[in-house]
Amino acid sequence: MISRKELLFQIVLHIIVLLFFSFDRNEETINFDKTLYLLYYSGATVVVTYYLMPKFLYKKKYWQFFLGCALIVATVISIEELILEPLMYPGTKRGDNFPGLYISLLGLLPVMFILSGCKFGWDALQKQAQIDELKSAIQESEIQFLRSQINPHFLFNNLNNLYSYALQNSPKTPEIILEMSGVLRYMLYESKEQFVPLKKELEQLGNFIRLYKLQIEDRGVVRFDVDDIEEEYKIAPLILIVFIENAFKHSQSGQSSDIEIDVSIKVEDSVLEFHCKNNFESVPSLDTVAKGIGLQNVRKRLEILYPKKHELEIKESTNTYDVYLRLELEKA
């Protein structure tokens, strides 16, 4: 079924072609005979563009397509020479004699090439639009899948800690539950968009860090520095939280004291620079941050959402992880 846009495109195209080929510069008028022939040629081209091209050319049946075109050209020229010209020019040289294949093709092929070529271009643009839409849908599905992995990852890490506090009847257990509910609410309901306001994301990072600081208690120092951000930017949600979660997880897993975690964020000229550094004591059975599921997840999301607009460096020394992320942000 032809769309309204395509119908309008074909009408405008045929009018332009008719005016171009049927206009007589010597008499400065439209030649009626040329107009009639052009309408005849365009009718034959419709068979090529709306039957042969989708049935054979687009299905890569090239020989069938070219044979079909050759048959149509031969049919058009035969009808023109045997029926149309004797009727339109009776008793004249043009009506009685065949001018030759070259002359006939010279009148027919330019019209067919222009009309068919424009139709091919239109179909190519529509196909590309469909491909782009499909890619976008696939990317969105992949992003949603990657994002859905964050919630179980967050829950798994924090429920274990909460269980330990509950066994100890710690007075901090209700506070931890409250902080967890706030972070989960953001993850489940407020971060479903592809991009969220940067200030909102940073606010939730602060809540997240406070949640983990409750678990560290007096065993170390956590610093979270954010420069004042005057302009409104947007960022993909739950990107930075993965690095902070890994920092807390690995710092706590191997050491019981002297934990140091430094997180800093600044934005300058639409570029966000994120640093997250933590110390740790090596534990043979513990996966490093470079092998974590969360990091693989965030790398994939960065590739999708910030192609050629991000830089991620992770340096691992004997007892230190240092993460640097550079993001080119868009203004909200």
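Of the candidates Ala124, Ala137, the single residue that is modelled with pLDDT of 80 or more and either touching a helix residue (DSSP H, G or I) at 6+ places or on another chain (Cβ under 6 Å) or assigned to a helix (DSSP H, G or I) (or both) is Ala124.
Going by what's in this entry, would Tyr89 be described as in the same structural domain as Val17 (by TED's automatic domain parsing), without any contact (Cβ under 8 Å) to a residue 24 or more places away in the chain, over 30 Å from Ile2 (Cα atoms) and in contact with a helix residue (DSSP H, G or I) (Cβ under 7 Å, 6 or more places away or on another chain)? Yes. Taken over the stretch 257-282, the criterion of being over 21 Å from Ile235 (Cβ atoms) and small (Gly, Ala, Ser) is satisfied by Ser257, Ser282. Which of the residues belonging to the stretch 166-185 are free of Cβ contacts under 8 Å to residues at least 24 places away in the same chain and either assigned to a helix (DSSP H, G or I) or loosely packed, with under 13 Cβ neighbours inside 10 Å (or both)? Selection gives Ala166, Leu167, Gln168, Asn169, Pro171, Thr173, Pro174, Ile177, Leu178, Ser181, Arg185. Once the stretch 94-130 is narrowed to residues that are under 38 Å from the mean Cα position of the chain (by Cα) and of a type in the set (Phe, Trp, Tyr), the residue that is surrounded by the most Cβ atoms within 10 Å (Cβ to Cβ) is Trp122.
Out of (1) in contact (Cβ under 8 Å) with a residue 40 or more places away in the chain; (2) surrounded by fewer than 17 Cβ atoms within 10 Å (Cβ to Cβ), the odd one out for Gly220 is which? In the conditions (1) in contact (Cβ under 8 Å) with a residue 40 or more places away in the chain; (2) surrounded by fewer than 17 Cβ atoms within 10 Å (Cβ to Cβ), Gly220 misses (2) alone.
If I filter the stretch 187-201 down to residues being in a helix (DSSP H, G or I) and modelled with pLDDT under 75, which single residue comes out as nearest to Leu214 (Cα to Cα)? Quick ask: steps written out before the conclusion?
Kept after step one, since they are in a helix (DSSP H, G or I), are these residues of the stretch 187-201: 187-190, 198-201.
Narrowing the set further to residues that are modelled with pLDDT under 75 leaves 187-190.
Details: Met187: 20, Leu188: 22, Tyr189: 24, Glu190: 24 Å.
So the residue we want is Met187.
Taking the stretch 214-296 as the region of interest, the strands (runs of 3 or more DSSP E) fully inside it that hold 2 or more residues being β-branched (Val, Ile, Thr) and at pLDDT 90 or above are 259-268. A count restricted to the stretch 63-121 and to residues that are over 23 Å from Tyr51 (Cα atoms) and assigned to a helix (DSSP H, G or I) stands at 17. Could you please find all residues in the stretch 61-84 being modelled with pLDDT of 90 or more and charged (D, E, K, R)? Correct list: Lys61 only.
Of everything in the stretch 1-56 that's hydroxyl-bearing (Ser, Thr, Tyr) and more than 18 Å from Ile72 (Cα to Cα), which residue is modelled with the lowest pLDDT? It would help to see each step written out before you state the result.
The first filter runs over the stretch 1-56 and keeps only residues hydroxyl-bearing (Ser, Thr, Tyr), leaving 3, 22, 29, 35, 37, 40-42, 45, 49-51.
From what is left, the residues that are more than 18 Å from Ile72 (Cα to Cα) are 3, 22, 29, 35.
Values: Ser3: 83, Ser22: 75, Thr29: 65, Thr35: 80.
Step by step, filter the stretch 1-56, then rank; the result is Thr29.
The values are calculated or read from the model by the stated rules, or taken from the named source; none is laboratory data. Keep in mind it's a predicted model, so treat the numbers as computed, not measured. Don't worry about glycine lacking a Cβ; one is built from the backbone with ideal geometry, like all the others, and counts go over all protein chains shown.
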